[in-house]
Amino acid sequence: MLDVADRATERRAATNERPPTPSMSVNAWSPHSIVMQDAWFPLAHSFAVGQKPVRRAIYSHPYFLWRENGSPVASEFHPNEQRLRDKSRHTDADARYPVMEKYGFVWGWFGRPEAADAVHLPSLPFLPPNGGLPKYMLGTVRFDCAAPLSLENLIDLTHADFLHADVVGDEKSESETIETFHTSETVTMVRNCKAKSVAPVMKFFSGIRSPVQDVRQVIHIYLRSHCAIAYGRFTPGDDVPLFHPCVPETRDRTRLDYAMNTSNAGFMFRHVMPKASYKVSRQDSSMTSPQSPRYMRPTTRRDLHSPLDAPGQRYRMAMQELAARQEAGDFTYRDNVSADCSELIGLRRELFNF
Ligand SMILES: [Fe+2]
């Protein structure tokens, strides 16, 4: 089997395409021109979908969600709405979108209905497949910025040492390494810090006495679904596995229905850490909201990178490759996003028994 790089080379040879060089392609990044098709988006927590329809959106396309005999339904129209418009090409004859329920979320398909397949659902091995996490581990925040900016901000975790120092600790550590991995559908960043200043949230709520801790953080992004896993392992300390979806409600507004499974932490940390997301997301928003208009515009300015920016550059390149393929009419998945990613993200599987 060819690996991703081989396939890209082969394709370029066939099409005379120039290979992407970081400087060229990451500077030509204009996320507005990319609307990814054929993907599952986590539209709502399962508990939020009942008999009464709720409205969500993907790139301004309305998704009304409700349940019929317990099963979720996703429709382009409110059930009481008069059908004044034609249905979109993303739905079936009844104007319904493909929909499924897993990991405690209702997922809507955006793309060609006939291509919808559970095999394209992202792997989230730290969430119970049938849902059921307590509500205090779930929450919703919104960002006034493009979903890709939110994901780029996340995959550059060095920002956390400055922006979220009062939650996760400052930038001081003995050593720091950052590695990047990718497939045609995912980008993964692994950050290892030795003897990093202990996270204040753990000092106060997990009772960590040591002034420093070893920290391993992984950001794993599913490109098409705009979903990320943010998984931190703190030694001494707790595991913090966060599902961080960035659903593009519009091109410059992002909805994040998150789930943080802190089941294995002590009582205080288990309850407090998921709620810290509200504080952390406000800190992120203070940066990304003002940045978003500039992020959307093409620029001739040179983008100056440091080696720590490699994961973000890879994210842009992988998104552009996928977009180029979609533009050429190729919507196939070349890599399996539902394959268990426990090993890749270094999940301590024994902590998550289901
Ligand atoms: Fe952040």
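The values are calculated or read from the model by the stated rules, or taken from the named source; none is laboratory data. Nothing here was measured: the structure is a model prediction, and the numbers come from that model. Note: ideal-geometry Cβ built from the backbone for every residue, glycine included; neighbour counts use all protein chains shown. Note: areas computed on protein heavy atoms with side chains; ligands, DNA, RNA excluded. Shrake-Rupley method; radii C 1.70, N 1.55, O 1.52, S 1.80 Å.
Numbers at a glance
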item: Region 160-293 - accessible surface per residue (Å², probe 1.4 Å); result: 38
item: For region 245-310 versus region 336-354, the gap between their alpha-carbon centres in whole angstrom; result: 23
item: Estimated dipole of the chain in Debye, rounded to 20 [Cβ of Lys and Arg +1, of Asp and Glu -1, Cα centre]; result: 840
item: Carbon plus sulfur fraction of accessible area for the chain, probe 1.4 Å, in percent; result: 52
item: Shape category assigned to region 294-353 from the gyration tensor of Cα positions, a/c cut at 1.5; result: oblate
item: Stretch in the chain that is longest and holds no GluC sites (Glu not before Pro) that DSSP places in a loop and that have at most 14 other beta carbons within 10 Å; result: 175-354
item: Bins of 20 Å, starting at 0 and running to the largest distance - Cα pair percent for the chain; result: 29, 59, 12, 0
item: Rounded Å value of the spacing that divides the Cα centres of region 34-78 and region 194-217; result: 39
item: Selection from VAL280, VAL212, TYR315 lying farthest towards where the dipole of the chain points positive, charges on Cβ; result: VAL280
item: Under DSSP loop assignment and at most 11 Cβ neighbours within 10 Å, longest trypsin sites (Lys or Arg not before Pro)-free interval of the chain; result: 90-208
item: Anchor LYS203: lysines whose Cα lies under 23 Å away (excluding residues fewer than 8 positions away in-chain); result: LYS172, LYS194, LYS275, LYS279
item: Residues with amide H under 5 Å from that of CYS246, placed H, sequence gap 5 or more; result: CYS227, ALA228
item: Rounded if a/c under 1.5, otherwise prolate or oblate - region 129-212, Cα gyration tensor axes; result: oblate
item: Hydrodynamic radius by Kirkwood, which averages 1/r over all alpha carbon pairs of region 160-293, in angstrom; result: 15.8
